[in-house]
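Take a look at the structure below.
The values are calculated or read from the model by the stated rules, or taken from the named source; none is laboratory data. Since the structure is predicted, the reported quantities are computational estimates derived from the model, not experimental observations. Note: ideal-geometry Cβ built from the backbone for every residue, glycine included; neighbour counts use all protein chains shown. Side chains are part of the model used for accessible areas, which takes the heavy atoms of the whole protein and leaves out ligands, DNA and RNA. Shrake-Rupley method; radii C 1.70, N 1.55, O 1.52, S 1.80 Å.
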Amino acid sequence: MTTFDYAPALESRTIVTIDPQYGHFINGSFTKGSNHFASINPSDETVLSHIALGSAQDIDTAVDAARVAYESVWSKLSGKERGKYLYRIARILQERAREFAVLESLDNGKPIRESRDVDVPLAAAHFFYHAGWADKLDYAGMGNSPRPHGVAGQIIPWNFPILMLSWKIAPALAAGNTVVLKPAETTSLTALLFAQVCQQAELPAGVVNIVTGDGSTGAALVEHPGIDKIAFTGSTEVGKAIARAIAPTKKKATLELGGKAANIVFEDAPIDETVEGIVNGIFFNQGHVCCAGSRLLLQEDVAEEVLSKLKVRMAKIRVGDPLDKNTDLGAINSSEQLLKIRDLSKSGDDEGAERWSPPCAVPEKGFWFPPTIFTGVTQAHRIAREEIFGPVLSVLTFRTPQEAIEKANNTPYGLSAGIWSEKGSRILWAAGQLKAGVIWANTFNKFDPASPFGGYKESGWGREGGRHGLTAYLKDAESNNE
Amino acid sequence: MKYYGLVDGTEASLNNFLKSLPGVDQVGAEARAAMLGTRSIKTSSKKKAIDLAISMVDLTTLEGADTAGKVTALASKAVRPDPSDPTVPSVGAICVYNDMVSIARKHLDLVGGSHVPVAAVCTAFPSGRASMAVKIQDTLDAIEAGAGEIDMVIDRGAFLSGHLMDVFEEIVKIREVCGEKAHLKVILETGELVTYDNVRKASFLAMLAGADFIKTSTGKVAPAATPPVVLVMLEAVRDFYQITNKRIGVKPAGGIRNTKDAIKQLVLVNETAGPEWLTPSLFRIGASALLNDLLMQRMKMRDGYYASPTYVTID
């Protein structure tokens, strides 16, 4: 038998320059910053740079800069002029796409194939899309001349650093707000590179401010009285804390939180593409996806066939160096996250579910977890209820379509769901029954700037993307909705 | 067991079997094929892949203008694709019209290519529009002239009008004619079947009827061997092996003109049917121009620079 081993095909990292230390980006220039902490490459644990820990003072300076920029420059520009800046940023993101992709893979651990083909092109697409809205806000369904809120405080997660940044900054700027953004503690580097893009695009000083740091920095941002609107993507736990913190204030908020999506496979599904969709649903981005299809619901009469094909397919998943163009599954983002995945997986073992992973060698250094499925899972297992946020799939079965819907909806979350069936009427029926903000039919994890994204129940408030996402950054002039 | 015990030879059982196959989602199949197209094959694995691809080429000439001269030149090239480098393997077979078979066979034997089989296109290639008697005679002629492989076309008209049993019976008949003397490749002409559901259905139909290989296209209709079509066929042979324990070969033909495309095909094989299919006895690439591009890339890997095309023989 011929073996066809793919030789390593490494993307060169020489295209990126990483400074040994970074400060914050406030009022158009970089500060020195203080209390620096190390930011590491999760695939080999080497130190990439040192990131400043933003203090309440740093947040204060940044919010002031954003306020001045809002009042003196950005709110006075016409939509058409704002759009020009957004188009410029979008084009620079495209021009520097490879640089962003390599840096993202180094910092986050995700495969270069994904940062190159998904994250960075989508980030640019979000700026292009919202650039187009900037001079058409009168037609956003918010009445004539809807107005921006003012200064937006934005907190983004580590799973899609540059993409989440663009989801936040592009609509805010298009609508006429200025922003203070805090990237995640472990993945600040592409946000800091984006700060350089703002300089390159000659964006007026103070319109975009980036303050790095940890949860305390984020809390300071949320609590700052100069913030008019909060946009947060992250865990439900922190989302609840934010909701509590802003309850007595006039601050508006959109929260994009956790999920435990059901991926439902009916007996008439296109089996081979379904298997691809299952793999893409849970192993895309190492499962670090809030809308990941982490609960697989199989109709009992096809369960065996789907599982056996899924195992064959999982054995083909290439785990390894994120910069290798042939890698499918990269590194877990942090040791902390790895511990959480291990802990929840162990609960699966303890509670009697059956664990399976294909034989796969993982590198010695760095944070790694093999693609894993648990079969024999029921609704009562922790791994069927709690978000694992890793490459771990819980497999459940059902007998009738009604049962599938009941199980799918039996969760405090409601971010996304998947339906696999060749029968159009069944897809439409199921989509109407599912309590989830995003429903994919015969596909999974597809994103587009024009499509609103967000959750039901504890998966969040509001939508991002599309016209719906834009309205979160506008207030209705006529109803004077302050 | 006849028809692998999966159908009993009646129209009802054939129709039931083919209807029970799961559908193919077009978007998903195309996305998977495109993703596999992004695999990056470099250095040592590229070198191996090029030699493997050369050994899988069914070097083809199927022109009205074919002559003995053209066919003998092709035969010489098939045995020693690069006369300056004896480490280059012979191709998988040469593929010609059936009146050229004896010329090809004789010349191959003459130049030390007795190991290279001759494949003949039969059954009123490329359209398949002739009586059964003519199709049988066509096949008999080719085998008698020394063809070791028969590339038959299916009756696409019958398939598209739902007369699946007619298509099945034709293949069964030609299989009987081939007997042990010739391998049977069944050309589905996927460009005329159009949908991936049809490709999957036709693949299973051909395998049940006794095909040794399923082949995408005649090369006379576009689109031909697109990656998603080949993906669906590779899934079919993989699934068929799961049921029957018998490995059927796959032959994409038409439109694969350069090394990059050929390597993409090998990646599809490796990650869909599996590495067991990475052998000329289970995977062939029907092509003419492809061979020279493979040779050029091979020279580039050996010498470190691109040679002038004059260093590669034209036929």
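Here is the tail figure for segment A:1-100: Cα pairs spaced more than 22 Å apart come to 58 percent of all pairs.
Where a Cα-Cα gap under 20 Å defines reach, which aspartates and glutamates qualify for B:Lys260, not counting those fewer than 8 residues away within the same chain? B:Lys260 reaches A:Asp5, A:Glu11, A:Asp117, A:Asp324, B:Glu30, B:Asp51, B:Asp58, B:Asp82, B:Glu271, B:Asp293, B:Asp303. The figure for A:Arg113 is an accessible area of roughly 50 square angstrom, using a 1.4 Å probe on the protein chains alone. The packing ranking of peptides A:101-109, A:193-201, highest mean first, is A:101-109, A:193-201, where packing means the average number of other beta carbon atoms within 10 angstrom of each residue. For the protein assembly as shown, the equivalent ellipsoid derived from the alpha-carbon gyration tensor has semi-axes of 56, 30, 23 Å in decreasing order. Have a look at the DSSP beta bridges in segment A:262-441 and tell me what percent are antiparallel, nearest 5. Looking only at bridges with both residues in segment A:262-441, the antiparallel portion is about 10 percent. Considering every alpha-carbon pair of segment A:311-422, the percent of pairs per 5 Å bin, from zero through the bin containing the longest distance, is 2, 11, 18, 20, 19, 15, 9, 4, 1, 0.
The angle between the Cα long axis of helix B:290-303 and the main principal axis of chain B comes to about 40°, on a 0 to 90 degree scale.
Taking each of A:Lys136/A:Lys325; B:Lys220/B:Lys246; A:Lys80/A:Lys182 in turn, the alpha-carbon distance tops 32 angstrom for A:Lys136/A:Lys325. Shape class of segment B:1-115 from the alpha-carbon gyration tensor: oblate, with a/c at 1.5 or above and b/c at least as large as a/b. Packing here is the average count of other Cβ atoms within 10 Å per residue, and on that basis the peptides A:164-170, B:206-212, B:108-114, highest first, run A:164-170, B:206-212, B:108-114.
Close amide H contacts of B:Ile187 (hydrogens built in the peptide plane, cut-off under 5 Å, sequence separation of 5 or more or a different chain): B:Met152, B:Val153, B:Ile154, B:Lys215. Cross-link partners for A:Lys407 among the lysines, with Cα-Cα distance under 29 Å and sequence neighbours closer than 8 places in the same chain left out: A:Lys240, A:Lys260, A:Lys309, A:Lys311, A:Lys340, A:Lys346, A:Lys423, A:Lys435, A:Lys446, A:Lys457. Springs between alpha-carbon pairs under 10 angstrom, Gaussian network model over chain B: which of B:Asn15, B:Asn245, B:Asn98 fluctuates most? Evaluated over chain B, the most mobile residue of the options is B:Asn245. Shielding value for B:42-55 is 3, the average number of Cβ atoms from other chains within 10 Å of each residue's Cβ.
Where the alpha-carbon atoms of segment B:82-212 are placed on the principal axes, they occupy 51, 30, 23 Å, in descending order.
Legend: mean number of C-beta atoms from other chains within 10 angstrom of residue C-beta atoms, peptide A:263-273, equals 5. Between A:Leu48 and A:Ser39, A:Ile40, A:Asn41, the built amide H atoms are under 5 Å apart, and every one of these is 5 or more places off in sequence or on another chain. For the protein assembly as shown, the share of DSSP beta bridges that are antiparallel, to the nearest 5, is 20%. Here B:Lys106 is the anchor, and the lysines within straight C-alpha reach of less than 16 Å, apart from those fewer than 8 places off in the same chain, are B:Lys70, B:Lys77. Take every pair of alpha-carbon atoms less than 8 Å apart whose residues are at least six positions apart; their mean separation over the length of chain B yields a relative contact order of 19 percent. Phi angles of segment A:180-195 translate, via the Karplus equation with coefficients 6.51, -1.76, 1.60 and θ = phi - 60°, into HN-Hα couplings of 10, 10, 10, x, 5, 3, 8, 9, 9, 5, 6, 5, 5, 5, 5, 4 Hz per residue; Gly and Pro are given as x. Please compute the contact order of chain A in relative form: average sequence separation of alpha-carbon pairs under 8 Å and at least six residues apart, divided by the residue count, as a percent. Relative contact order, chain A: 18 percent. For the pair segment A:449-467 and segment A:151-185, the centres of their Cα atoms are 15 angstrom apart.
Counting only other chain Cβ atoms within 10 Å of each residue's Cβ, the peptide B:34-41 averages 4. Volume per residue for chain B equals 123 cubic angstrom (convex hull of Cα atoms). One compactness figure for segment A:196-245 is 1.38, namely its Cα radius of gyration divided by 2.2 N^0.38 Å.
Histogrammed with a bin width of 5 Å, the alpha carbon distances of segment B:30-79 distribute as 5, 15, 15, 15, 14, 12, 11, 11, 3 percent, first bin at zero.
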